Amino acid sequence: PGDNMLSCAELKVELANLNKAQSDIDSKKGVTGTNVVSTLLWLPGLAYTYYDAGEATKLISDRRSALTNFANGKNCPR
């Protein structure tokens, strides 16, 4: 709520924040120390890591689409 009230500059900041969040998620997927320990102690742990990352990626993608639509509607520069 309220995203449609953001200025072009604010939309740009929000989109940059989403890119950073996606990078953080991507860095936590795959073979990391935490994931290896989770797999050794609890095999479904790795599956949950990927599930959570996938859900977060979907939410980021949905928000990015909404913000991009608002930016396009306001004719914000790219």
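The values are calculated or read from the model by the stated rules, or taken from the named source; none is laboratory data. Just so it is clear, the structure is predicted and the values come from calculations on it, not from any experiment. For neighbour counting, all protein chains shown are included, and Cβ atoms are generated from backbone atoms with ideal geometry for every residue, glycine included. Heavy atoms of the whole protein, side chains included, go into the accessibility calculation; ligands, DNA and RNA do not. Shrake-Rupley method; radii C 1.70, N 1.55, O 1.52, S 1.80 Å.
Some points to look at:
- Identity of the residue in segment 18-38, open to solvent by less than 50 Å² (accessible area, probe 1.4 Å) and not hydroxyl-bearing (Ser, Thr, Tyr), that ends up modelled with the lowest pLDDT: Asn35
- Taken over segment 39-78, the criterion of being in contact with a Leu (Cβ under 7 Å, 6 or more places away or on another chain) and modelled with pLDDT of 55 or more is satisfied by Ile60, Arg63, Arg64, Leu67, Phe70, Ala71, Cys76.
- Restricting segment 6-22 to residues that are without any contact (Cβ under 8 Å) to a residue 24 or more places away in the chain and not small (Gly, Ala, Ser) leaves a set whose member that is farthest from Asn72 (Cα to Cα) is Lys20.
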